[in-house]
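Asker: Submitted below is the structure of interest, expressed as structure tokens.
The values are calculated or read from the model by the stated rules, or taken from the named source; none is laboratory data. Remember, predicted model here, so these are calculated numbers, not experimental data. Positions of Cβ are backbone-derived with ideal geometry, glycine not excepted, and every protein chain shown enters the neighbour counts. The area values use the complete protein model at the heavy-atom level, side chains included, leaving out ligands, DNA and RNA. Shrake-Rupley method; radii C 1.70, N 1.55, O 1.52, S 1.80 Å.
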Amino acid sequence: MITKIQALTKEEQRLISFLPAGAERPRSQSELAALLYGNASNENKRKVRKLVNQSILDGAPVGSLHRSYNAGYFLITNEDERLAALQTLRTQSSSLIKRADKLRRTALWTN
């Protein structure tokens, strides 16, 4: 089921305006932080991640690639890009689940 883009906030619209159409040259998290918030501090990079997540939940087709080269965010324009973005999310979620499972079985810290 394909969902339509809901009304985006002004901040989400600003993010979208900085994203390239297509995955050929995704824009890095640091670059987006500098464009949106003035610098690429860790706090501003966290804001970018949160803004990207909310934009996706609001229906914006924002993809990300986490390759050692050409990593960053972009607007998804075709099915190949959608599949690449989904693979990135699957890899991240798998890693999170493994960490949660390990933490569930880890002994508590004692002094």
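Asker: Only one of (1) open to solvent by 50 Å² or more (accessible area, probe 1.4 Å); (2) closer than 28 Å to I16 by Cβ; (3) part of a helix (DSSP H, G or I); (4) not hydrophobic (A, V, I, L, M, F, W, C) is not met by R99, so which one is it?
Answerer: Only one criterion is unmet by R99, namely (2).
Asker: Say whether the condition of being modelled with pLDDT of 95 or more and open to solvent by 50 Å² or more (accessible area, probe 1.4 Å) is met by at least one residue in the stretch 59-71.
Answerer: yes
Asker: Within the bounds of the stretch 40-59, is there any residue that is in contact (Cβ under 8 Å) with a residue 60 or more places away in the chain and hydrophobic (A, V, I, L, M, F, W, C)?
Answerer: Within the stretch 40-59 (the criterion being in contact (Cβ under 8 Å) with a residue 60 or more places away in the chain and hydrophobic (A, V, I, L, M, F, W, C)), the answer is no, since none of the residues qualifies.
Asker: Also, quick follow-up: Look at A85 and say whether it is under 16 Å from S28 (Cβ atoms) and either in a helix (DSSP H, G or I) or among the acidic types (D, E) (or both).
Answerer: Numbers: under 16 Å from S28 (Cβ atoms): yes; either in a helix (DSSP H, G or I) or among the acidic types (D, E) (or both): yes.
Against the criterion (under 16 Å from S28 (Cβ atoms) and either in a helix (DSSP H, G or I) or among the acidic types (D, E) (or both)), A85 qualifies.
Asker: Let me ask something additional. Which members of the stretch 72-81 meet the condition of being hydrophobic (A, V, I, L, M, F, W, C) and open to solvent by less than 20 Å² (accessible area, probe 1.4 Å)?
Answerer: Residue satisfying the conditions is F74 alone.
Asker: Here's a check for you: in the stretch 62-82, which residue that is assigned to a strand (DSSP E or B) and of a type outside the set (A, V, I, L, M, F, W, C) is farthest from E31 (Cα to Cα)?
Answerer: Out of the qualifying residues, it is G63.
Asker: Of all residues being surrounded by 12 or more Cβ atoms within 10 Å (Cβ to Cβ) and of a type in the set (A, V, I, L, M) in the stretch 84-96, which is nearest to N53 (Cα to Cα)? Just the residue, please.
Answerer: Taking the stretch 84-96 as the starting set, the residues that turn out to be surrounded by 12 or more Cβ atoms within 10 Å (Cβ to Cβ) are 84-89, 92.
Pick out the ones that are also of a type in the set (A, V, I, L, M) and you get 84-86, 89.
Numbers: A84: 17, A85: 13, L86: 13, L89: 11 Å.
That would be L89.
Asker: While we're looking at this one, here's another question. I'm trying to understand the selection: among the residues of the stretch 22-58, which are open to solvent by 40 Å² or more (accessible area, probe 1.4 Å) and more than 19 Å from L89 (Cα to Cα)?
Answerer: S30, E31, A34, L35, Y37, G38, N39, A40, S41, N42, E43
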